[in-house]
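Working notes, beginning with the structure itself.
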Amino acid sequence: IGTSLQVEPFASIPCNVRDEVPRVLINNVLVRPDTFDFGKGRGVALIGDCQEVVVQLATLLGWGAELDSASKNWTRGRNHRF
């Protein structure tokens with residue numbers, strides 16, 4: 001989520017999992033499409049503001065209330081936007 005995939009060791013994680021493991025990229029730009037094998041059906045890219053994409057995904061999965069609760073607990077007493 002939200003990565004350029006340029007900094008190791010994280011950048012190599014998508015390359016070092018078994019071929020059958022699906023890959024999901026949540027980012028504001030498409031990065032390293034070869035790593036995610038989008039053309040082979042092993043990866044999906046959800047492009048947009050990462051926070052908005054996560055909220056939309058959680059809502060579609062029926063997890064909206066849980067995400068909202070976790071967000072409120074995490075930001076309590078802080079000025080972070082989630």
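The values are calculated or read from the model by the stated rules, or taken from the named source; none is laboratory data. A quick note: this is a predicted structure, and the numbers were derived from the prediction, not measured. We work out accessible area using only protein heavy atoms, side chains counted, and drop any ligands, DNA or RNA first. Shrake-Rupley method; radii C 1.70, N 1.55, O 1.52, S 1.80 Å.
Count of segment 20-52 residues, restricted to those that are at pLDDT below 85, more than 17 Å from Val7 (Cα to Cα) and not in a strand (DSSP E or B), is 9.
Test Ala65 against the criterion of being open to solvent by less than 100 Å² (accessible area, probe 1.4 Å), within 13 Å of the chain's Cα centre (by Cα) and at pLDDT 85 or above, and give yes or no.
It is false that Ala65 is open to solvent by less than 100 Å² (accessible area, probe 1.4 Å), within 13 Å of the chain's Cα centre (by Cα) and at pLDDT 85 or above.
Might you check whether a residue that is among the hydrophobic types (A, V, I, L, M, F, W, C) and modelled with pLDDT of 80 or more occurs anywhere in segment 68-79?
Looking only at segment 68-79, we keep the residues that are among the hydrophobic types (A, V, I, L, M, F, W, C), and these are 70, 74.
Going one step further and asking which of them are modelled with pLDDT of 80 or more, we end up with 70.
Taking every residue of segment 68-79 in turn, at least one turns out to be among the hydrophobic types (A, V, I, L, M, F, W, C) and modelled with pLDDT of 80 or more.
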